[in-house]
Amino acid sequence: MTIKWISELEIGIPVIDSQHKRIVEYINQLEHARQARSAQEVMDVLDELVDYTLSHFAFEESLMEEAGYPYLNAHKKVHQLFTRRVSGFMQRAKAGEDVTNELLHVLKAWLINHIKHDDRDYSEAVRINMEMTTGKVKARKGSWFSRLFG
Ligand SMILES: [Fe+2]
């Protein structure tokens, strides 16, 4: 079964929501490759999915850090544990084992749960920080300094 993107998965930060959507698309592509019984396609999609997800994690972590999110380290740990779990699957897959069913199950369950809980938890801190940063840029443009010397 493929995952349907529903508004409950949105955390209200457009750049993150679109990355999460992309990850969901990768998982659905993986499901498609599994149904097509194409081992090569499965491995190709998996490689891309893992690559994309790792850079997404790094991006999320940088936003949380900039926002001074107090549970950054705990969230990083969750990302690390998941990464280790997935690389275990990858090793088994590269050794010739068919892990697709098990992996798809884990990916779907983990991702949905992570977005709904862990990611939603940082969303407010990150959103406020983003708005403040944008506000600062605007204030600077119209500041007394820019009016005098701009
Ligand atoms: Fe996350």
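The values are calculated or read from the model by the stated rules, or taken from the named source; none is laboratory data. As the structure is a prediction and not an experimental result, all values here were calculated from the model. Note: ideal-geometry Cβ built from the backbone for every residue, glycine included; neighbour counts use all protein chains shown.
For I3, the test of being part of a loop (DSSP other than H, G, I, E, B) and either β-branched (V, I, T) or touching a Phe, Trp or Tyr at 6+ places or on another chain (Cβ under 8 Å) (or both) is passed.
Has segment 97-116 got any residue that is farther than 16 Å from E60 by Cβ, in contact with a Phe, Trp or Tyr (Cβ under 7 Å, 6 or more places away or on another chain) and away from the ligand (no atom under 14 Å from the Cβ)? Yes: segment 97-116 contains one or more residues that are farther than 16 Å from E60 by Cβ, in contact with a Phe, Trp or Tyr (Cβ under 7 Å, 6 or more places away or on another chain) and away from the ligand (no atom under 14 Å from the Cβ). Selection within segment 53-92: residues that are under 26 Å from E131 (Cα atoms) and of a type in the set (F, W, Y). The member of this set that is nearest to the ligand (Cβ to nearest atom) is F57. Look at V78 and say whether it is in contact with a Phe, Trp or Tyr (Cβ under 8 Å, 6 or more places away or on another chain) and over 29 Å from Q35 (Cα atoms). For V78, the condition - in contact with a Phe, Trp or Tyr (Cβ under 8 Å, 6 or more places away or on another chain) and over 29 Å from Q35 (Cα atoms) - is not met. Right, S62: part of a helix (DSSP H, G or I) and either at pLDDT below 95 or charged (D, E, K, R) (or both) or not? In short, no.
The set of residues in segment 96-125 that are β-branched (V, I, T) and either at pLDDT 95 or above or surrounded by fewer than 16 Cβ atoms within 10 Å (Cβ to Cβ) (or both) comprises V106, I115.
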